[in-house]
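One structure is given below, encoded as structure tokens.
Values quoted throughout were computed directly from the atomic coordinates according to the rules given, and no laboratory measurement underlies them. The structure presented is a predicted model; accordingly, all values stated were derived computationally and were not measured. Here the Cβ is made from the backbone with ideal geometry for all residues, glycine too, and neighbour counts use every protein chain on show.
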Amino acid sequence: MSKKPKNYCVPLGQNQSISRRDAILAGLAGTTAATLTGQASLHGQVSTGAQEDHFQQSGTPSLHSDDRKAATKRYAAKKSINLWAFPYPDRMSLEECMRLAKDAGFDGIELNYDLENDLSPKASKESLLGIRRLADKIGIEISGLCSFLFWPYPLSSLDQSKRERGIELAGLIADAAATMGVENVLVVPGAVHIPWRDDHDPVPNDVCEKLAREAIGQLVSGAEKKKVSLNMENIFFNGFLMTPMEMNRFVDSFGSEHVQVHFDTGNISMFQHAEHWVPILAGRTKNVHFKEFTKKGTDYSLETFRPLLDGTTNWPALMDELERVDYDGFVTFEYFHPYPHYPEALIYQTSDSLNRILGREV
């Protein structure tokens, strides 16, 4: 910010002395201009000092001409939010969460499969269909199914019983998705290390890849029959598939359009940059997690993730790269800590942040 001249007049923004008469006339002129601007706004007209064009060069309408407010172009991706951002099931039912997401302006919601709660091995086919009917009634899409069960039951565990249970659960998640008419299933294919668990023995890298490949191989034919997509997630903390090139080789090795990528922006942001992964993954990306991360911190646990825009992610660059690969699917906010007080605030704040990132009306 430039330094103000010593004789700067705050009310009128002048840097030279003026008479009382000129001050009054200037004030009247400013009032008149403000009134006219307000009237133009009421009639749907937009006026800026530079008379900026309301269309991008491509012809797409631009809602914003000020990049301090929001993206200056509209992106095609759809807004979604993961159920972990809600106080479910302790303080909100699944229906309340879905209605809140809809009311806050989300296009979709990502649901989580667990050993208990509404989506679990205990859920009947009819109850799963009921969840889908409820979502349709509310008017919100189910953007995908996610699960934390891949951590207690890793698909690459050295413990055969855990590994087999993980494969079984992955199949049940895919079954639930097929029943509900949900295409996307997030899969964590393997883990060398799991820093937040003390019951996981480290797995040598080559063994991890071998076991992960075997596990996914057992699930492919079922996914093809069910017409669901098993989307491999990149996770820096697990020490597996650490670059987009490794991810591509792993995914492509199955030769199936039902094995793709679930790209997570925050999971690789410790030492890498989300916008660099997008063009390399290219058309393999079927679903996206938006997780905010800051490179200024030193906490490398799940606690390091933040509400959107409170970090170091280069969102404009990331959105431009997603647009270049023609990505128009869901971008889903994933966050593990519902606000302890007034939890609706996080949902509405996130919706507003996504509107700004995607160039929607705010």
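Where does the Debye-calculated log10 I(q)/I(0) of the stretch 61-215 sit at q = 0.13 Å⁻¹, using only Cα point scatterers of equal weight, no solvent? Calculated log10 I(q)/I(0) at the listed q: -0.72.
Scalar couplings 3J(HN,Hα) for the stretch 339-346, obtained by applying the Karplus form with A = 6.51, B = -1.76, C = 1.60 to θ = phi - 60°, are 4, x, 10, 6, x, 4, 4, 4 Hz; x denotes Gly and Pro. The calculated pair-distance distribution of the stretch 135-242 uses every alpha carbon pair, bins of 10 angstrom beginning at 0, and gives 15, 46, 28, 9, 2 percent. Between Ser253 and Tyr339, the modelled label-to-label distance comes to 4.5 nm, taking each label 7 Å out from Cα in the direction of the beta carbon. Kirkwood-type hydrodynamic radius, the stretch 248-300: 12.2 Å, calculated from all non-identical alpha-carbon pairs. Taking amide hydrogens as placed 1.01 Å from N in the peptide plane, the amide H of Thr312 sits under 5 Å from those of Phe293, Thr294, Lys295, each at least 5 positions away in sequence or on another chain. Residues whose amide H lies under 5 Å from that of Glu141, counting only those 5 or more places away or on a different chain, are Gly108, Ile109; hydrogens are built 1.01 Å from N in the peptide plane.
Phi angles of the stretch 232-247 translate, via the Karplus equation with coefficients 6.51, -1.76, 1.60 and θ = phi - 60°, into HN-Hα couplings of 6, 9, 7, 9, 5, 5, 8, x, 10, 6, 7, 10, x, 5, 5, 4 Hz per residue; Gly and Pro are given as x. Taking the average, over residues, of other Cβ atoms within 10 Å as the packing measure, peptides 109-118, 283-292 rank 283-292, 109-118 from highest down. Within the stretch 233-351, DSSP assigns beta bridges of which about 20% are antiparallel (rounded to the nearest 5). Once divided by 2.2 N^0.38 Å, the Cα radius of gyration of the stretch 212-362 becomes 1.10. Converting phi to 3J(HN,Hα) with the Karplus coefficients 6.51, -1.76 and 1.60 and the offset θ = phi - 60°, the stretch 351-356 yields 4, 5, 5, 5, 4, 5 Hz in sequence order, with x at every glycine or proline.
Mind ranking 309-321, 262-274 by how tightly packed they are, going by the mean number of other C-beta atoms within 10 angstrom, highest first?
The peptides rank, most packed first, as 262-274, 309-321.
Overall, the stretch 211-281 carries a charge dipole of about 240 debye about its Cα centre when +1 sits on the Cβ of Lys and Arg and -1 on the Cβ of Asp and Glu, all other atoms neutral.
For the pair the stretch 165-222 / the stretch 75-93, the C-alpha centres are spaced 23 Å from each other. Judged by the mean number of other Cβ atoms found within 10 Å, the most tightly packed of the peptides 223-232, 158-167 leads the ranking 223-232, 158-167.
Taking amide H as placed 1.01 Å from N in the peptide plane, Asn112 has its amide H under 5 Å from the amide H of Leu83, Cys146, each at least 5 places away in sequence or on another chain.
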